[in-house]
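**Student:** Let me give you the structure first, and then I'll get to my questions.
The numbers here are math on the coordinates, done by the rules we state, and not lab data. Everything numeric here is computed off the predicted structure, so don't read it as measured data. Note that we place each Cβ from the backbone using ideal geometry, even for glycine, and neighbour counts take in every protein chain shown.
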Amino acid sequence: MSADCLPHQVVLELGAPNFGAVLHELKTSLTRGFQIHVLGYSVHYLLAKLVPTLAPGALDYCAAPLVQVDARRPLMACDGH
């Protein structure tokens, strides 16, 4: 087993009810500079792996922290070049 597949397997095992705790730990650990990019990428990666197993509304309780993670990501210039 490679190290890159371990985090999503843990999240899949914990399931949606515990995703908020995983999100909280990531948010408190990755707080500055490039870590914010790593936070956004990691949350996206974990959500992409978790989505096929979710029931509608399963992550409603952690919608606000998810929006906060997305809002903290640096905005990239999109000028067409």
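**Student:** If you stretched the chain out fully between His44 and Ala71, how much longer would it get, using 0.36 nm times the residue separation minus the C-alpha to C-alpha distance? Provide the component values of the computation, followed by the final result.
**Tutor:** Numbers: separation 27, 0.36 × 27 = 9.72 nm, distance 1.32 nm.
In short, 8.4 nm is gained.
**Student:** Continuing with this model, one more query. Rule-of-thumb check for the stretch 6-72: C-alpha Rg over 2.2 N^0.38 Å?
**Tutor:** Here the Cα radius of gyration is 1.04 times the empirical estimate.
**Student:** Add +1 for every Lys or Arg and -1 for every Asp or Glu among the other residues with Cβ under 15 Å from the Cβ of Ala16, and state the total. All intermediate terms of the calculation are to be shown ahead of the outcome.
**Tutor:** Values: positive: Lys49; negative: Glu13, Asp60.
Residues close to Ala16 contribute a combined charge of -1.
**Student:** Can you give the charge dipole size of the stretch 6-72 about its Cα centre, rounded to the nearest 20 debye, using +1 on the beta carbon of Lys and Arg and -1 on the beta carbon of Asp and Glu?
**Tutor:** Working: 4 positive and 4 negative charges, 41 e Å.
With Lys and Arg at +1 and Asp and Glu at -1, about 200 debye.
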